[in-house]
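Structure, as structure tokens:
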Ligand SMILES: Cc1cc2nc3c(=O)[nH]c(=O)nc-3n(C[C@H](O)[C@H](O)[C@H](O)COP(=O)(O)OP(=O)(O)OC[C@H]3O[C@@H](n4cnc5c(N)ncnc54)[C@H](O)[C@@H]3O)c2cc1C
Ligand code: SF4
């Protein structure tokens, strides 16, 4: 019998990998550092997901339940892998709870870290309480509190959503596009307009990247929900003591623009997991130039890293959507399973 496959990280990618393995009778051990499974959509309290429109707590919650109920999947929460030695088919891992385990292969599904907007101080986060992030707005919606200005709880009459905060910004070392934040922002804009029909919502953008079928969010937000789009470079977010003031340049007409708002929302991007250096050291895998976990040849076998027997999937490899993270989790599970099956066949 093959040894279990170690999965590190219980977000959408890790949950999908564990379920895929269980469905073909392969045992796995899922190690999650937090007390709860579900990854960013659950831990950060996302509201309705794009593009499915399902609540995160139902969609990803369902994936969590499926894994928790499986007899083929052993779970360790509040736990990390501290050492990982051996070779494909025959690895040994030491965990932070003092236990050791044998594994045939490992799949890293350790995800990403939300960009911390204090790293963009000129855009007001951390200085003005009514400058918030998309994650905070998701939480306002998912907890049922509704869209309110954190400073005094009032309903905002004017909201600005600033795209690409912590993405496509070479000045702060983040040149990548985070892929999903345009669509998430169009969706949030519509949710705000639905809850507060008198509230004016403006989206400040460099480019709109509602790729593929997600383009429908862009059009619907304008045509049905009257969300306004301004192509601009933002200089700063300040306050006149009463309103937040967004200053920048309208890059279509090449003129400075200064508009007052009650609330400003940063559409934050996806940074590499802040722990990637230590994860790479423990598992002996290479990171790519920006600090994501490096992928091997994608054409032969999806999910390979620089170390045979150690696979990777989801946002650990760079900004990914939930659907793609799930697909990659399944693909990595299949690649790890194929590796172990080949070894068993050769040994027999
Ligand atoms: C504001 C915002 C809204 C979004 N909304 C959507 C949306 O509506 N639709 C969509 O498709 N995508 C959305 N995304 C993207 C989505 O969050 C990711 O696609 C998804 O979370 C990636 O799943 P993952 O499993 O790869 O990583 P994660 O969700 O990051 O999960 C990784 C897991 O690994 C754990 N972990 C990390 N390090 C360790 C370690 N050392 N040891 C053990 N465990 C560890 C973490 O605690 C976490 O549970 C959004 C992103 C943002 C920023
Ligand atoms: S998806 Fe949109 S908001 Fe996000 S980084 Fe790319 S262009 Fe910017």
What does the C-alpha gyration tensor say about the overall shape of segment 33-84? Classify as rounded when a/c is under 1.5, otherwise prolate if a/b is larger than b/c, or oblate.
oblate
Using every alpha carbon pair in segment 10-133, what percent of pairs falls into each 5 Å bin from 0 up to the bin containing the largest distance?
2, 10, 16, 18, 17, 13, 9, 7, 5, 3, 1
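Sequence gap at least 6, Cα distance under 8 Å: using those rules, report the relative contact order of segment 117-270 to the nearest whole percent.
Relative CO of segment 117-270 lands at 31 percent.
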Helix 181-195 sits at what angle to the longest principal axis of the chain, using alpha carbons and giving 0 to 90 degrees rounded to 10?
50 degrees
Under the rule of -39500 (n - 2.57) per DSSP H run of 4 or more residues, summed and divided by the residues of the chain, what mean residue ellipticity at 222 nm is obtained, to the nearest 500 deg cm²/dmol?
-8500 deg cm²/dmol
Using a ≥ b ≥ c from the Cα gyration tensor of segment 193-262 (square roots of the eigenvalues), is it rounded, prolate or oblate, where a/c under 1.5 gives rounded and otherwise the larger of a/b and b/c decides, a/b for prolate?
oblate
Inter-part distance where segment 68-83 and segment 293-348 are each reduced to a Cα centre, Å:
19 Å
Highest mean first, how do 95-104, 301-310, 75-84 rank when packing is the count of other Cβ atoms within 10 Å averaged over residues?
301-310, 75-84, 95-104
Sorted on mean Cβ neighbours within 10 Å (highest first), peptides 209-216, 133-140 come out as 133-140, 209-216
Only bridges whose two residues both fall in the chain count here: according to DSSP, what percent of them are antiparallel, nearest 5?
50 percent
Please report how far the C-alpha centroid of segment 122-172 lies from that of segment 202-229, rounded to the nearest whole angstrom.
18 Å
If you project the alpha carbons of segment 117-270 onto the principal axes, what extent comes out on each, in Å, largest first?
36, 35, 30
Does the chain come out rounded, prolate or oblate, given a ≥ b ≥ c as the square roots of the eigenvalues of its C-alpha gyration tensor, rounded meaning a/c under 1.5 and, failing that, prolate meaning a/b above b/c?
prolate
Taking the chain as the reference, fit the longest principal axis to its C-alpha atoms, fit the long axis of helix 56-68 to the helix C-alpha atoms, and give the angle between the two in degrees, 0 to 90, nearest 10.
10 degrees
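Quick note: the coordinates plus some simple rules give every number you see, no bench work behind them. This one's a predicted model, so the numbers in the text were calculated from it and none came from an experiment. All Cβ positions, glycine included, derive from the backbone under ideal geometry; neighbour counts span all protein chains shown.
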